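Derivation of every value follows stated rules applied to the coordinates shown; laboratory data play no part. Just so you know, these numbers come straight off a predicted model, no measurement behind them. Positions of Cβ are backbone-derived with ideal geometry, glycine not excepted, and every protein chain shown enters the neighbour counts.
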Amino acid sequence: MNDCIFCRIVRGEIPADVVARTDDAVAFRDLNPQAPVHVLVVPTRHLAAARDAAGDDGALLLGRTLQLATRVAGELGLDANGYRLVTNTGAEAGQSVFHLHVHLLGGRPMGWPPG
């Protein structure tokens, strides 16, 4: 999708503070952090939301996106105290950019339930 902001970040058309990249996903710092560590991890292939990751290809893409998120969490020192991985699907869930993405949040205690 040409005008998707996350697709443009993946292609390098919009600058971002990229912390990690694989062939399948890119991790970059959120511009509006909700925790001391707030990284977005997006697949390099455009999918609007988690519900669009159908079949074996979708499962592989989701797995590799989560795998990068957990790798980044370790690299940023979040393993010892914990972190949260969140993906929102749809406007009522708080999704504002319709490109599948995982929020990696850490560096402070997280409450439950969220929202």
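Summary table
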| quantity | calculated |
| --- | --- |
| Conditions (1) under 13 Å from the mean Cα position of the chain (by Cα); (2) part of a loop (DSSP other than H, G, I, E, B): number failed by Phe28 | (2) |
| Subset of region 97-115 [in a loop (DSSP other than H, G, I, E, B) and under 13 Å from the mean Cα position of the chain (by Cα)] | Val97, Phe98, His99, Leu100, His101 |
| Region 61-94: number of residues that are touching an Asp or Glu at 6+ places or on another chain (Cβ under 8 Å) and either without any contact (Cβ under 8 Å) to a residue 12 or more places away in the chain or within 20 Å of Cys4 (Cα to Cα) (or both) | 2 |
| Hits in region 49-66 (condition: part of a helix (DSSP H, G or I), crowded, with 17+ Cβ neighbours inside 10 Å and out of contact with any His (no Cβ under 9 Å at 6 or more places or on another chain)) | Ala50, Gly58, Leu61, Leu62, Arg64 |
| Residue in region 72-83 that is in a loop (DSSP other than H, G, I, E, B), surrounded by fewer than 16 Cβ atoms within 10 Å (Cβ to Cβ) and on the phi > 0 side of the Ramachandran plot present | yes |
| Selection from region 1-41 of residues that are touching a residue at least 12 places away in the same chain (Cβ under 8 Å), of a type in the set (A, V, I, L, M) and under 19 Å from Gly74 (Cβ atoms) | Val19, Ala20, Ala25, Val26, Ala27, Ala35, Val37, Val39, Leu40, Val41 |
| Test: residue in region 32-46 that is over 25 Å from Pro114 (Cα atoms) and over 12 Å from the mean Cα position of the chain (by Cα) | yes |
